[in-house]
1. Taking the criterion of being aliphatic (A, V, I, L, M), buried (at least 22 other Cβ atoms within 10 Å of the Cβ), more than 10 Å from every other protein chain (Cβ to nearest Cβ) and touching a His at 6+ places or on another chain (Cβ under 8 Å), would at least one residue in the range A:279-290 satisfy it?
2. Can you tell me which condition A:Arg108 does not meet? The list is (1) touching a strand residue (DSSP E or B) at 6+ places or on another chain (Cβ under 8 Å); (2) surrounded by fewer than 20 Cβ atoms within 10 Å (Cβ to Cβ), and all the others hold.
3. Residues that are in contact with a helix residue (DSSP H, G or I) (Cβ under 7 Å, 6 or more places away or on another chain) and at pLDDT 90 or above: find the helices (runs of 4 or more DSSP H) completely inside the range A:157-271 holding 3 or more of those.
4. Can you name every residue in the range A:272-300 that is assigned to a helix (DSSP H, G or I) and not hydrophobic (A, V, I, L, M, F, W, C)?
5. When the residues of the range B:58-81 are filtered to those that are hydrophobic (A, V, I, L, M, F, W, C) and under 30 Å from A:Ile11 (Cα atoms), which remaining residue is nearest to the chain's Cα centre (by Cα)?
6. When only residues in the range B:75-89 that are surrounded by fewer than 22 Cβ atoms within 10 Å (Cβ to Cβ) and more than 8 Å from every other protein chain (Cβ to nearest Cβ) count, which is nearest to B:Ile149 (Cα to Cα)?
7. From the list A:Val103, A:Val62, exactly one residue is touching a Pro at 6+ places or on another chain (Cβ under 9 Å) and among the aliphatic types (A, V, I, L, M). Which is it?
Amino acid sequence: MDTENWVLALINSTAFLLCVLFTSYIIAVLRPFLARREVALGDREQFQWHIIVPCLNEQAVVADCVDHLIEVFPEATLWLVDDASDDRTPTLLAWLTRRYPSVHVVERRPPDARQGKGPALNAAWRQISAYLPPDTDRGRVIVGVVDADGRLEAFCPDVISGDDLFGDPAVGAVQIQVRVTADPDALTVTDIGRLTGDPARSRDQDLLIQLQDMEFVGPIAAMQFLRRRTGSVAMGGNGQFTRMSTLDTIAATYGTPWSGALLEDFELGLHVLLSGYRSEYCHDTFVAQAGLTQPRALLRQRTRWAQGNLQCLKYLWQVANSPHIRVSGVLEIGYYLAIPFTQITGSVVFPLSALVYVAYMMADPAGSDRWLLTGALGVLPLALAFGVLPHAAWGLFYRSRCAGMITRRRAWLLAVANLAYSYFLQAAAWRGLFRLLRGRSDWAKTARAADDRLPARARREQVSV
Amino acid sequence: MTAVVAWTRGVGPARIVAAALMAGIVLAGLVFDDAVRHSEACLSAATVRASGLADAVCLTDAVTYHVDGRLAGHAVTYGCSAVLLMPPVAAVCSFLALVRRIPLIRPVAAFLVATTMLVLANQARMLAIVLGMRNFGVETGYALTHVLIGTAVSVFGVLASGYLAIQILITGRGADAPRSALSMRPAR
């Protein structure tokens, strides 16, 4: 076997297979995404609602979030988990409990505190469990998770109470659409002045934030639509709702509802499925959250996701053998768990393929132009079809299907920028793998853009707190 | 050690053998590539002859024939062999063969259909090259077909093979009827 030819063939074949695999996955997720239909509204009064808001140094955002939740979701009991914050969060939370009777604080202190989001959510689950009267129908208790900078769309509880979602007793968990914006309030307000005003327009938003929004309402949402068909809908960290009885079942099997993976939300989703419940995705309502404005912060966040993804590989055998998960779901989950590996492999073979291409072109004795004209030029449309189009297409879908308030020019800009964004995020897979190999599972919370400013409300109330 | 024995007993010898066979066949194809490429070249020559395009013959990994009175041909290099596209199919099918709830016939059938499809698509790709050379001349025909059209045929082949394999895996008994938690415990 000729080693040089063997290596070249391996590089080209791997690049080819990755391209076809990725493009076919995009086509597979686009079909249900483009054919989606709205779900019917339900009645929120059919359920008892509890919302957990994990708080670790959230002084800049938590008061406004609670105000918002009380306003759009007065039926809900709020559980604010103070994970040993060392800013003014504890003071703000104490003030909020005095102001709103439906707000409760779950205090976590060292050494139990700051063990990650999962343990914080488990602490809240224990308190909710103790708070519920013994005769409560726990199948009608819904526990939601909203980040401290999150804003729920006003009709969210009615939408997820519908017959296709929590109205169906087989549904154990629902993940709603996540929107990312510089100003979450602007997306969730109901007064016409703000809906039509400048804050509601997304065209002038930071490009990085808009790329995150495009990712959530585009490819991530499309993946969820495919998962609805394969029965493998995944949970996200923000805007996840789970039936209390489902959390109880998971806790009975695994000790606690949320476990130790860095991607605790995805892990919860797996546990929901493994416990025999259906999970659902709802695109007709959303939770809005503030986007990350710095590439470094984004890379940190995605590194955590990639590492969490790799940690969840341990469930693959269990998933494959579960009588509750369809084989199509097994394949989808397997593909998702393999994504960090395909990203890592792609980040090596794609540049190498390009290098080999250029090297052959330069070294051809008949000249580069001759080499290109004798067939090699055919690589360019293929690279365009497989390497560019699947990423760039989302810019156009974002305008037509997701957020109409951007210009055509902005959509093209997003299409081009999404290429760089997608390849940039491949670095996260490498970082996640290195952290996993080094046995590091600690994590510091991703800093919010709002952390450097105190909200107006907090400043106003500073005297009375 | 005890865990491995328990796992082996749980999975069953037939499944382990089937999984090892599927992975082993592809691995052997990668290692003994000369023999595989020679077989593919001979199959290609037979296909070209059967299609009436030329009186092709195979010699080791090359296929030779006359185009416009000139001796021409194509070689099945390592990069041109279908076997390089098979490892993902083997990995998925071998893994699923170990899963007891999936009837063993399914991953085995998926493997056979997918690999056959890949071989056929590769043959179609080579046939397209011969067709291109016959219709547009040796140089132009080869330039037009061996990368762009050839790769398009391969893409179709990989997609078709993947689609068929997935359809075999996800349809039928046990594949699409999950047991709900509600059927196992009383609703609260």
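1. Among the residues of the range A:279-290, not one is aliphatic (A, V, I, L, M), buried (at least 22 other Cβ atoms within 10 Å of the Cβ), more than 10 Å from every other protein chain (Cβ to nearest Cβ) and touching a His at 6+ places or on another chain (Cβ under 8 Å), which makes the answer no.
2. (2)
3. Once the helices (runs of 4 or more DSSP H) in the range A:157-271 are filtered for at least 3 residues that are in contact with a helix residue (DSSP H, G or I) (Cβ under 7 Å, 6 or more places away or on another chain) and at pLDDT 90 or above, what remains is A:207-215, A:221-230, A:244-254.
4. Hits for the range A:272-300 are A:Pro295, A:Arg296, A:Arg300.
5. By that ranking, first place goes to B:Cys80.
6. B:Ala75
7. A:Val62
Listed here are the residues, each with its yes/no results for (1) over 22 Å from B:Val153 (Cα atoms); (2) under 40 Å from the mean Cα position of the chain (by Cα); (3) at pLDDT below 80.
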residue: A:Gly334; (1), (2), (3): yes, yes, no
residue: A:Ser347; (1), (2), (3): yes, yes, no
residue: A:Ala354; (1), (2), (3): no, yes, no
residue: A:Met361; (1), (2), (3): yes, no, no
residue: A:Ala366; (1), (2), (3): yes, no, yes
residue: A:Gly375; (1), (2), (3): no, no, yes
residue: A:Leu380; (1), (2), (3): no, yes, no
residue: A:Ala383; (1), (2), (3): no, yes, no
residue: A:Val388; (1), (2), (3): no, yes, no
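The values are calculated or read from the model by the stated rules, or taken from the named source; none is laboratory data. These numbers were taken from a predicted model, which means no experiment stands behind them. Note that each Cβ is placed from the backbone with ideal geometry, even for glycine, and that neighbours are counted across all protein chains shown.
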